[in-house]
């Protein structure tokens, strides 16, 4: 009797590549899940901010690119890396501090890095390099581009000044305000063209990969795309101002909206961008055909994976996920003692007295706030304290929504007081500001987080993010202000004198009901 048995034979290398791709994708998915608050914040950014409304498109392209790279993974041994594991641990530590300190920007910036570091840790540097581009592409949808907005705004103002001069439009430009005889236009940060720039760079990045372009040609193409995107924005802004000049501010572009005009101009400029890219790609391919083919030796042997390191990396990701769940499931407590503004020990000062209503500092979501006035001779100094038992999104010490000034006050100068809060203390930050009515004030303040006193925003928030993991960490701002009645030098002297007299008492109040 003869038996016919069909045996399916698959190359060992192909099997290992598939298992390596599946393992790498699993690691990427686990790392994304472990840092899910970052992606929730990015979702809010993409849905609520017009400059990042392309976020989901970028994320979709990055995911498709990631899967494509997995399917076409180049042969490489899975070699979990000790160095990659150390980098992953450091990034997760920084991410957890940023999460507890509610530093949203830090969460958004660190998330893609954590995914790449996780792949390096669990699969090795050779495989991580192959995934660097699709993971890095996510940064086209992250807020790192906000740092260039002031520069782009300045370039747009300068371009408009030149273009309006060529067009013969009489215009006066002060900072970002453009005034023509018919009215005024503000070239705000939203008019800087940052959205066009990021969109052009994202499209150029994809073209560089697909074409493909390498080296100097790729850099030149990306630079050309970026430059043309800025040209598109400049044309948009200048067109709107010129339309306001010729139609006495009645044009649709002035009275209704002008964003669609910018995208129409941008779409037209995509044609020369595409033409330049295809021309560079043709010249690149012709040079590759003339060059001798490089000889590569196939790597058939693969070293066995060091799975203990791989499991360590996955374990670190799981610990981060558990830590976030622990924080979110722990109920907030408020065991702070009531703020009691001290009575001066020196007979030269009287107080606390009813405060001046003109100075209205605001700290959103503070557990407690208290204000009072202290007087000495001809000096009247205001004191404000806001304390947070626990910080969270929308209720934290360092926030763009908080201010030690009034809501519509104008900052004239910033610095530090010449005197110190106490012997060996930290000089409080000082601000010379103008109230809405024109009255000038000297306002100074420091932060106290736990037992640390600092005048630096980032230090205050990072210290909270570190210490709050081990227990309650009250945080507060102590601000002191005085009107420039006779002179601002006199007001600063009065503020400095109050810090020296009452600073220790203001900063050394009990943090909780037990006085610890």
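The values are calculated or read from the model by the stated rules, or taken from the named source; none is laboratory data. All of these numbers come straight from a predicted model, not from anything done at the bench. Positions of Cβ are generated from backbone atoms using ideal geometry, with glycine treated the same way; all protein chains shown enter the neighbour counts.
The requirement of being touching a residue at least 40 places away in the same chain (Cβ under 8 Å), more than 22 Å from the chain's Cα centre (by Cα) and on the phi > 0 side of the Ramachandran plot is not satisfied by residue 168.
Pairs meeting the criteria (first residue in region 65-78 and assigned by TED's automatic domain parsing to the domain that holds residue 135 and surrounded by fewer than 19 Cβ atoms within 10 Å (Cβ to Cβ), second residue modelled with pLDDT of 75 or more and not in a helix (DSSP H, G or I), beta carbons under 8 Å, at least 6 apart or on different chains) are 77/124.
Hey, could you check region 342-376 for residues that are under 24 Å from residue 440 (Cα atoms) and in contact with a helix residue (DSSP H, G or I) (Cβ under 9 Å, 6 or more places away or on another chain) and say which is modelled with the highest pLDDT? Among residues in region 342-376 that are under 24 Å from residue 440 (Cα atoms) and in contact with a helix residue (DSSP H, G or I) (Cβ under 9 Å, 6 or more places away or on another chain), the one modelled with the highest pLDDT is 374. The residues of region 348-365 that are assigned to a loop (DSSP other than H, G, I, E, B) and either on the phi < 0 side of the Ramachandran plot or loosely packed, with under 15 Cβ neighbours inside 10 Å (or both), listed by number, are 348, 349, 354, 355, 356, 357, 358, 359, 360, 361, 363, 364.
When the criteria are applied in full, residue 321 fails the requirement of being modelled with pLDDT of 80 or more, part of a helix (DSSP H, G or I), touching a helix residue (DSSP H, G or I) at 6+ places or on another chain (Cβ under 8 Å) and closer than 30 Å to residue 219 by Cα.
When residues in region 444-461 are screened for being touching a helix residue (DSSP H, G or I) at 6+ places or on another chain (Cβ under 8 Å) and within 16 Å of residue 416 (Cβ to Cβ), 5 of them pass. Is it fair to say residue 96 is in contact (Cβ under 8 Å) with a residue 60 or more places away in the chain, within 18 Å of residue 462 (Cβ to Cβ) and either in the same structural domain as residue 468 (by TED's automatic domain parsing) or assigned to a helix (DSSP H, G or I) (or both)? Here the answer is yes, as residue 96 does meet what is asked. The residue list 380, 368, 373, 391 contains one member that is assigned by TED's automatic domain parsing to the domain that holds residue 440, surrounded by fewer than 20 Cβ atoms within 10 Å (Cβ to Cβ), over 12 Å from residue 481 (Cα atoms) and in contact (Cβ under 8 Å) with a residue 12 or more places away in the chain, which is 368. Which one is modelled with the lowest pLDDT among residues in region 145-176 that are surrounded by 13 or more Cβ atoms within 10 Å (Cβ to Cβ) and outside any helix (DSSP H, G or I)? In this case the residue turns out to be 176.
Taken over region 82-110, the criterion of being in contact with a helix residue (DSSP H, G or I) (Cβ under 7 Å, 6 or more places away or on another chain) and closer than 14 Å to residue 316 by Cα is satisfied by 82, 84, 85, 87, 88, 89, 91, 92, 94, 95, 96. Among the residues here, residue 506 qualifies as under 19 Å from residue 338 (Cβ atoms), in contact (Cβ under 8 Å) with a residue 12 or more places away in the chain and either in a helix (DSSP H, G or I) or in contact with a helix residue (DSSP H, G or I) (Cβ under 8 Å, 6 or more places away or on another chain) (or both). Screening residue 218 with (1) in contact (Cβ under 8 Å) with a residue 60 or more places away in the chain; (2) touching a helix residue (DSSP H, G or I) at 6+ places or on another chain (Cβ under 6 Å) gives one miss only, at (1).
In region 229-242 there is at least one residue matching the filter, namely being under 22 Å from residue 133 (Cβ atoms), buried (at least 17 other Cβ atoms within 10 Å of the Cβ) and either modelled with pLDDT of 80 or more or touching a strand residue (DSSP E or B) at 6+ places or on another chain (Cβ under 9 Å) (or both).
Taking region 186-277 and the helices (runs of 4 or more DSSP H) fully enclosed by it, the elements with 1 or more residues that are at positive phi are at 215-246. The set of residues in region 466-490 being within 20 Å of residue 366 (Cβ to Cβ), touching a helix residue (DSSP H, G or I) at 6+ places or on another chain (Cβ under 9 Å) and either modelled with pLDDT of 90 or more or surrounded by 22 or more Cβ atoms within 10 Å (Cβ to Cβ) (or both) consists of 473, 475, 476, 477, 478, 480, 481.
Is it the case that residue 115 is in a helix (DSSP H, G or I), crowded, with 17+ Cβ neighbours inside 10 Å and touching a residue at least 60 places away in the same chain (Cβ under 8 Å)? So residue 115 fits the description; yes. Given the criteria buried (at least 19 other Cβ atoms within 10 Å of the Cβ), more than 26 Å from the chain's Cα centre (by Cα) and either touching a residue at least 24 places away in the same chain (Cβ under 8 Å) or more than 20 Å from residue 363 (Cβ to Cβ) (or both), does residue 444 qualify? Yes.
Quick check: is even one residue across region 454-469 in a strand (DSSP E or B) and within 22 Å of residue 371 (Cα to Cα)? The answer is yes, given that some residue of region 454-469 is in a strand (DSSP E or B) and within 22 Å of residue 371 (Cα to Cα).
I want to confirm something. Restricting to region 31-40 and keeping residues that are within 18 Å of residue 136 (Cα to Cα) and surrounded by 18 or more Cβ atoms within 10 Å (Cβ to Cβ), which single residue is nearest to the chain's Cα centre (by Cα)? This residue is 38.
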